[in-house]
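*Asks:* One structure, as structure tokens, below. Some questions next.
Any read-out appearing in this document is the output of simple, stated calculations on the displayed coordinates, not a laboratory observation. Because the structure is a prediction, the values reported are computed rather than measured. Ideal geometry is used to build each Cβ from the backbone, glycine not excepted, and the neighbour counts take in all protein chains shown.
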Amino acid sequence: MNETEKVHCLIIGSGPAGYTAAIYAARANLKPVLYQGLQPGGQLTITTEVENYPGYPNGIMGPQMMVDFEQQAQRMGADIRWGLATKVDFSSQPFRVEIDEEKWIEASSVIIATGASAKWLGLESEQRLNGHGVSACAVCDGFFFKNQEVAIVGAGDTACEEALYLSKLCTFVHMFIRKGEMRASKVMQERVMKTANIKVYFNTDTVEILGEHKVDSVKIRNNKTNEESIIPLQAYFVAIGHHPNSDLFKGLLDMDEQGYLITQPDSTRTNIPGVFACGDVQDKIYRQAVSAAGSGCMAALDAERYLGAMGIH
């Protein structure tokens, strides 16, 4: 068994929430240690331009923005490391977290910022054109396709919300639904059906997203008649859900049926005192970089108060 390292504040995950928590925790002299996980920078590293984050008047590329966040956290004194949390023991203080299946960290407080991953259809073209017309966030990327024709796939409330959002920006929205009905609430379904520039296609599968360097059309198939057709468009939005990266905490922390960690109202506290959750792993409503960063700040402040009450400074 390797040696155990002791830290005041351990942060798991490195998107806007994790890095912001590190900035605040470092400024509070909590000497935070942050492990970046499998995807340093989180979902923003697979986006291209970010135009809706305050403070970047000309926009910024997602990966560069996360480098900026990381460098700021390091300048404040956060210890940022490459590594993945592979096991946790929250049964007693100090908490124990295993890194890369080889090293254990003992932490007086833990901030979970492991984020969520978009669910994809699994098409080769979807990954190849990701960031070049294929997106999993209409609110993030819809603006780039103003006055253009786009498609969205999904059947739930989020897909309907995003279709309606796109309908205000784009000339026409094609909405593909795999089954013969939507999962969305009746109100959302009615809104979509009443919107003149949204066309809903039931029993429709996406065969391939077409385009060399950017999306130029999509091939669809009616799964009842097997009839195929090609629709010219400039963007393809995937809205079939997200999966919170919370598997590590199953059976330990309270989560909803989808796996999102449940935090107490107006706080980032989980059901275990000293363990906090922020960002997309506990937010299935907003899912924006700026709201994740805000909850990262909250988590660091909550951790600082918790450690102060324990007499740890």
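*Asks:* Local charge sum around L84 (other residues, Cβ-Cβ under 14 Å, Lys/Arg +1, Asp/Glu -1)?
*Replies:* -2
*Asks:* Still on this structure: When the dipole is taken about the Cα centre of the chain, and only Lys, Arg (+1) and Asp, Glu (-1) are charged at their Cβ, what size is it in debye, to the nearest 20?
*Replies:* Here the size comes out at about 580 debye.
*Asks:* Now, a different point. Given the -39500 (n - 2.57) contribution per DSSP H run of 4+ residues, what per-residue ellipticity at 222 nm results for the chain, rounded to the nearest 500 deg cm²/dmol?
*Replies:* Theoretical 222 nm ellipticity from helices: -7500 deg cm²/dmol.
*Asks:* If I take R0 = 22 Å and measure r between the Cβ atoms of E3 and M310 in this structure, what FRET efficiency does the formula 1/(1 + (r/R0)^6) give, to the nearest 0.05?
*Replies:* 0.40
*Asks:* Right, another one. Out of every Cα-Cα pair in the range 201-313, what percent are more than 26 Å apart? Walk me through the intermediate numbers first.
*Replies:* Numbers: 2932 of 6328 pairs.
Roughly 46 percent, once rounded to a whole number.
*Asks:* Would you work out if the range 1-42 is rounded, prolate or oblate? Take a ≥ b ≥ c from the square roots of the eigenvalues of the alpha-carbon gyration tensor; rounded if a/c is under 1.5, else prolate when a/b is larger than b/c, oblate otherwise.
*Replies:* Judged from the Cα gyration tensor, the range 1-42 comes out oblate (a/c at least 1.5, b/c at or above a/b).
*Asks:* Turning to a different aspect of this structure: Would you kindly state how much longer the chain becomes between D68 and N197 on full extension, computed as 0.36 nm times their sequence separation minus their alpha carbon distance, in nm to one decimal?
*Replies:* 42.5 nm
*Asks:* So what's the gap between the Cα centers of the range 189-206 and the range 253-284, to the nearest angstrom?
*Replies:* 34
*Asks:* Given labels modelled 7 Å from the Cα in the Cβ direction, how far is it in nm from K119 to K87?
*Replies:* Each label point lies 7 Å from its Cα, and together they span 3.1 nm.
*Asks:* Sort out for me the Cα centre separation of the range 125-155 from the range 230-244, rounded to whole Å.
*Replies:* 6
*Asks:* If I take every Cα pair under 8 Å that is 6 or more residues apart in the range 120-238, average their sequence separation and divide by the length, what percent do I get for the relative contact order? Don't skip to the answer; put the middle values down first.
*Replies:* Values: 247 pairs, mean separation 36.5, N = 119.
Relative contact order of the range 120-238: 31 percent.
*Asks:* May I ask you to derive the relative contact order of the chain, considering only C-alpha pairs under 8 Å and at least 6 residues apart, and to give it as an integer percent?
*Replies:* Result for the chain is 21 percent.
*Asks:* Using a cut-off of 15 Å between beta-carbons, work out the net charge of the residues near H243 (Lys and Arg +1, Asp and Glu -1, H243 not included).
*Replies:* With Lys, Arg at +1 and Asp, Glu at -1, the neighbours total -1.
*Asks:* Output the relative contact order of the range 144-212, whole-number percent, from Cα pairs under 8 angstrom with separation of 6+ residues.
*Replies:* 34
*Asks:* Continuing with the same structure: With the dipole of the range 120-238 worked out from charges on the C-beta (+1 for Lys and Arg, -1 for Asp and Glu) around the Cα centre, which of Y236, I209, A159 lies farthest toward the positive end?
*Replies:* Farthest towards the positive pole: A159.
*Asks:* With the calculation restricted to Cα positions, what are the radius of gyration and Dmax of the range 120-238 in angstrom?
*Replies:* Spelled out, the Cα radius of gyration and Dmax of the range 120-238 are 13.0, 38 Å.
*Asks:* What share of all Cα pairs of the chain, in percent, falls into each consecutive 20 Å distance bin?
*Replies:* Taking all Cα pairs of the chain, the binned fractions are 32, 50, 18, 0 percent.
*Asks:* Ranked highest first by the average count of other Cβ atoms within 10 Å around their residues, in what order do 75-81, 136-142, 180-186, 240-246 fall?
*Replies:* 136-142, 240-246, 75-81, 180-186
*Asks:* As a test, work out the antiparallel percent of DSSP beta bridges whose residues both lie in the range 120-238, rounded to the nearest 5. Each step should come with its number before you reach the end.
*Replies:* Working: 11 of 27 bridges.
Approximately 40 percent, going by the DSSP bridge assignments.
*Asks:* Compute the distance from the alpha-carbon center of the range 54-103 to that of the range 289-313, in whole Å.
*Replies:* Using only Cα atoms, the two centres lie 14 Å from each other.
*Asks:* Something else: Note down the net charge around D100, summing +1 for each Lys or Arg and -1 for each Asp or Glu among other residues with Cβ under 15 Å from its Cβ.
*Replies:* -1
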